[in-house]
Structures are given as structure tokens and as C-alpha cells.
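Have a look at the structure below, then the notes.
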Amino acid sequence: MSDKRTGITVFSGGTAANSLVDVFNRIIEKKNCQLNYIIPISDNGGSSSELIRFIGGPSVGDIRSRLVRLIPNPFNDQEKAALKALFEYRLPGDPSKARNEWLDIVEARHLLWAYISSPKRELIRSILNTLNLEIVKRARPTSTFNFAEASIGNMFLTGARIFSGSFESAIYLLSMICSIPPNVNVLPAINSNFTHHISAGLEDGTTIAGQVAISHPSAPTALPDDVKISLATPSFPPLLHGGHGHGAPSFSSAATLHPAAMASIHNSNPPTQHLAVPFSIPTSTTSTASSSSLTTTPTKSFFPSLPSRSGPRARSQTETEDASLPGSLPSLRKQNISFSKSDSDEADQLSARIERVWYINPYGHEIWPNANPKVIDALVARTKMVVYSIGSLWTSIVPSLVLRGVGEAIAGDVEGEEEGGGEDGKVKKVLVLNATIDRETGPKTKPMTATDFVRAVAKAGEQSRRSDPHYHHAQSEDNGSIDDEQEEGRLLRKYVTHLIYLEGQELGGRLARTGNAPKVDVTELEGLGIKCVLVEGRVQEDGKEVRYDERGLGEALEGILDE
């Protein structure tokens, strides 16, 4: 193995793993090595959802979140503190107030610019104004941009991508402005100027389209509108979102039928609606002088069927002009600006465990995107330790693992070494186990265990390898079904060699007894050849939530790196 393998590569999402940034920073400072964060671009929630709907392009929220978190501690540096405040800033929730404040920012009248030097201010403003021009150009009577809760950092990355025509150039520009250390890279799992979405298949056969629908379902957010939509509107053709046609998946309520389509489907002969017109073809040319207005008799309308309405009709997702391709799944075109991350509501629990996650095109068909070449290069040439961070397993970690090339890059280092029995120099692959069970790793009646987490990571890696037409797998691994424990252990260790977990998660432990934490069966995992490392937890202020102690977690990772 090359001596260049000294770095650490972390698979993560945005928010949860931000709490571990200081842990990884201390390790690379001590080891003087490279750190790579691999982050998916499939999130269609928050302010990213409105940028995707109106402008198109990749989801930038998690990338922005990590870049801003990586800004060196400002201490007495007012400009760094101001840059962090600017790129973290969100506009108000009221769309009108948000739009006005956005104009104050792009016109340099906002207080956020107070401590930012004029060269950086004008560079940032030029990018924001590039985006603003694009928003103005795309505005239509049927569709306007909703500035509510927009992240300025997300707006900057989108504007920089439009200006340069390159997503990685936009990331580089924000990294340069924020003085991100050169030995830290934030790599999008897919380097693309296009939107990428995911679907999840549950064990009961249900399919869910879109990351928000998988992890945190919510009602779509729209601009304020007081008018009502007539549901019995026969003027639109049925828009089937799934479950019909050859090879089309059967979608859950997260991807439902347009109301107009439902009316058309359930009533094959919908009642004809005519527009009441204030005139008719007169039957006589005689008129009376005493008539103050024209008297009319309703006759057959010259107009086709139109929906009845009392005022300007609100537009649905399928009628508005936006950046989505015609015929795209409406569930992927929603404004998911506001949504809840709470998993306490029993009604929000999934009906069964998630079995698999895959990428889809705008029409819901499965696709197999290639990973960012820089991700593959980092894994193959420079990584000594791979870390699967805390966060959403199925929507933050797995979307990066299933991409073409990633599974081979992770597992390939042991293909030729296990025959010789050598362990020295092999890449360490560490799963940092979540402290709680969430919607994705439930349902609460059948929560995932630590062993299930490991199997999910390995299964995603194998899914990546099998999407490559040139990959040839052994017969014993066919269909991912492995009966022999030794053979299963050999496969799992290609992707996970170590598991880090919190004290109390082991079987019978206090966290395991609550039912809210993944249970760890150390005997089972070690029987599969996976080393288990216990780390002390730190109780949060609310007295309920337990998180990893940063010092303890850092020491555990360093110990694994030095093995």
C-alpha cells in the first residue's frame, strides 16, 4: 500500500456531523494529514428545495453547512465572524419581508456587511446579484421565487455555480473566501450541475420518492394565497405519479395523484362545465329604447370546459413554470421550505424498515450515477481511515455509498490482501453508531440494531459495485444473501472493520433499555470480525439526549488510526 495513505475520509450529511468537526480537526492537526468530507446532494428540503424548484441544480444546503462550520474560529477576527454570520444567515419566514431584506443584502444596505472588507463584499455581492438576475429572468405570472427562510450561503453557492458553470468551482470560491484550511476538502458525492433525487423501498413493498418524504415528511410550503382550487377540474389530463405503466414503481402517499387527475380517473364522464357568458347571438334585431342594459338568453357556450372559480385560481405544482422537466414527479417539485425533524409523532413512523435506497430521474425511474471522480481518488489513493459519521443513515450516508465506483473504492483494498492473511496497512473503516433511533432506522416496533447498521452499509457498498457492468461477483454473494456467518463476516469487513458506540447501548445497557437507541450485541459483532469500541457519552442540558464526548471519541478514532 502506498505511503500516501495517511488521510481520513468522512461520509456524512450536514447538521448532525457538524458536531464532530472539532474532533476531526484535532486529529488531522496532530497527524498532519488530509481530511475529506463526502456529502450527498440529494436533499430536497429546506431552502434548497426552492432553489431546486425555481433554478434547478444540485442541493447545496449540506455542502454550505459544512463549509461554514469549517471557518476557522474567528477569535478577534471580526471579518471571519462577519462572513460566518452572513453565510449562516436566513431570511425571515414571511415571503414579503424576506424579499425586501434580500434586496437590502444584494444592494449592500444590510448590517451584515458592516465588518466585511470591500473587496470581499463586492465579490460576494457580484455573485448574489448574478443569482438575483436569474431569479428576475425566470419570474412568471404562474411562478415566483419564495425568499422565505432562504439561506444566504445557499444563495451564494447557487449564484457561484451559475456564474462559473461549475459546482466544484462554486465550492472552491466559498472555501477561499472563508479561509477553509487547504488540507480539508468538502467533496460533493456527485459533481453535477443537475438535480439528483433518491427513492427508498420498504420491506413491505412501499416506495417513497424524495429525501424529505423519506426522512421528514411535510406539507408543501407555498406563497400566501386566499383562493380555493376546484378539485373537480376536467381540463387537465391525468398525471400519474407511479403505480401505472410498465416498470413504474408504486409510490406511497408521498407521491400522490394530482387532484385533477383523481377527478378524471374516478369519473370517466365528468360533468361538463360551461362558462356563463354575458352575451348570446340575438334572435331578433328589434330593441327597445327603455332597456338600460342588454337582455340576454343563455345559449350554448363557445368556450371549452373551464374550472369554476370565484377569483384568480391558485396554481398547483404541475401547472407552474419552474426548473422541473415536464412530467416530473410532483412530489419532487414541492416547496419543502419548512419541515419538522421531530420523530416523536407515531403517525410519521414508516410502515416498515427501509430495505434499499436508489437514485431516480425526474420521472421516478431508477438511475445509476457515477460518483465524483475526486471522491474515488481520495478513497483509492489517500485514505487510511474511512469514517461513516453519525446522522441519517439512509439519506445522509447511503446516498454516497450506492454511487458507481464508491463500493469498489472502499472494498477493493482487501480483495487481494485477505488471501495472504495480512492486516497491516489495510484501510480502517469505522462506523460511528447513532445515539438514537430515528424515522429512517425504525419503525419503533422493529428498530434497527447496530448489526443492522453494519449490514446496511455493506449492502449499499455491494449495490454500488453491482451497478458497474464490469463487476463480477462471487456466486456465494449472489442476491446479497449470505447464510454462512464466516462468509458474511468477510463481506461486512470489506466495508466496516470497527464500530464505535456509546456506553449503555450494549444489550441490557441503560440506553438500550429505553428503546430509543440502537442495541449493540458485542458478541455477535465480534463473531463477525468487527471490533467494537465503547466511548463515554455526555448528557445534554435537557437531561434526556446523550451525545458522544468529543475527547473520548477523538481518542477512540486516533487509537483505531494507529493500529
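The values are calculated or read from the model by the stated rules, or taken from the named source; none is laboratory data. Everything quoted here is computed from the prediction, not taken from an experiment. Because the Cβ atoms are built from the backbone with ideal geometry, glycine has one as well, and the counts that use them run over all protein chains shown. Just the protein is used for accessible areas: all its heavy atoms, side chains included, with ligands, DNA and RNA removed. Shrake-Rupley method; radii C 1.70, N 1.55, O 1.52, S 1.80 Å.
For residue 456, neighbours were defined as the other residues whose beta-carbon sits under 12 Å from its Cβ, and their charges (Lys and Arg +1, Asp and Glu -1) total 0. Taking θ as phi - 60° and the Karplus parameters 6.51, -1.76 and 1.60, the scalar couplings of region 505-514 work out to 8, 5, 3, x, x, 5, 6, 5, 5, 5 Hz in sequence order, x denoting glycine and proline. The 3J(HN,Hα) values that the Karplus relation (6.51, -1.76, 1.60; θ = phi - 60°) gives for region 399-409 are, in residue order, x, 7, 6, 7, 5, 4, x, 6, x, 5, 5 Hz. Gly and Pro appear as x. Checking the cross-link pairs 31/494; 374/494; 84/428; 30/426; 444/494; 84/429 against a 23 Å limit on the alpha carbon distance flags 31/494; 84/428; 444/494; 84/429 as lying beyond it. Across the accessible surface of region 483-540, with the other protein chains kept in place and a 1.4 Å probe, carbon and sulfur atoms take up 43 percent.
For residue 191, nonlocal amide neighbours, meaning residues 5 or more places apart or on other chains whose placed amide H falls under 5 Å from its own, are 372.
Classify region 89-220 from the C-alpha gyration tensor, please: rounded if a/c falls under 1.5, else prolate or oblate depending on whether a/b exceeds b/c. Could you put the intermediate results ahead of the total?
Working: a/c = 2.08, a/b = 1.36, b/c = 1.52.
The shape class here is oblate.
If you take every residue apart from residue 110 with its C-beta less than 10 Å away from the C-beta of residue 110, what net charge results, scoring Lys and Arg +1 and Asp and Glu -1? Please list the in-between numbers first.
Working: positive: 109; negative: 101, 104, 107.
Local net charge: -2.
A simple spin-label model places pseudo-atoms 7 Å from Cα toward Cβ; at residue 521 and residue 179 they are separated by 5.2 nm.
Can you order the peptides 390-402, 440-452 by their average number of other Cβ atoms within 10 Å per residue, highest first?
Details: 390-402: 25.9, 440-452: 18.2.
In decreasing order of mean packing, 390-402, 440-452 become 390-402, 440-452.
Sorting 454-460, 13-19 by average packing, meaning the other beta carbons within 10 Å per residue, from highest down gives 454-460, 13-19.
In order along region 107-116, the phi-based Karplus estimate (6.51 cos²θ - 1.76 cosθ + 1.60, θ = phi - 60°) of 3J(HN,Hα) comes to 9, 6, 9, 8, 5, 4, 7, 3, 10, 9 Hz; Gly and Pro are listed as x.
Taking amide hydrogens as placed 1.01 Å from N in the peptide plane, the amide H of residue 198 sits under 5 Å from those of 210, 211, 360, each at least 5 positions away in sequence or on another chain.
Taking the mean number of other Cβ atoms within 10 Å as a proxy for protection, how do you rank 165-177, 202-214, 40-52 from highest to lowest? Please report the intermediate quantities before stating the final value.
Numbers: 165-177: 18.3, 202-214: 21.2, 40-52: 26.6.
Result, highest mean first: 40-52, 202-214, 165-177.
First check a/c for region 107-171, with a ≥ b ≥ c the square roots of the eigenvalues of its C-alpha gyration tensor; if it is under 1.5, answer rounded, and if not, answer prolate when a/b is larger than b/c or oblate otherwise. If you can, show how the numbers build up before the last one.
Working: a/c = 2.06, a/b = 1.33, b/c = 1.55.
Judged from the Cα gyration tensor, region 107-171 comes out oblate (a/c at least 1.5, b/c at or above a/b).
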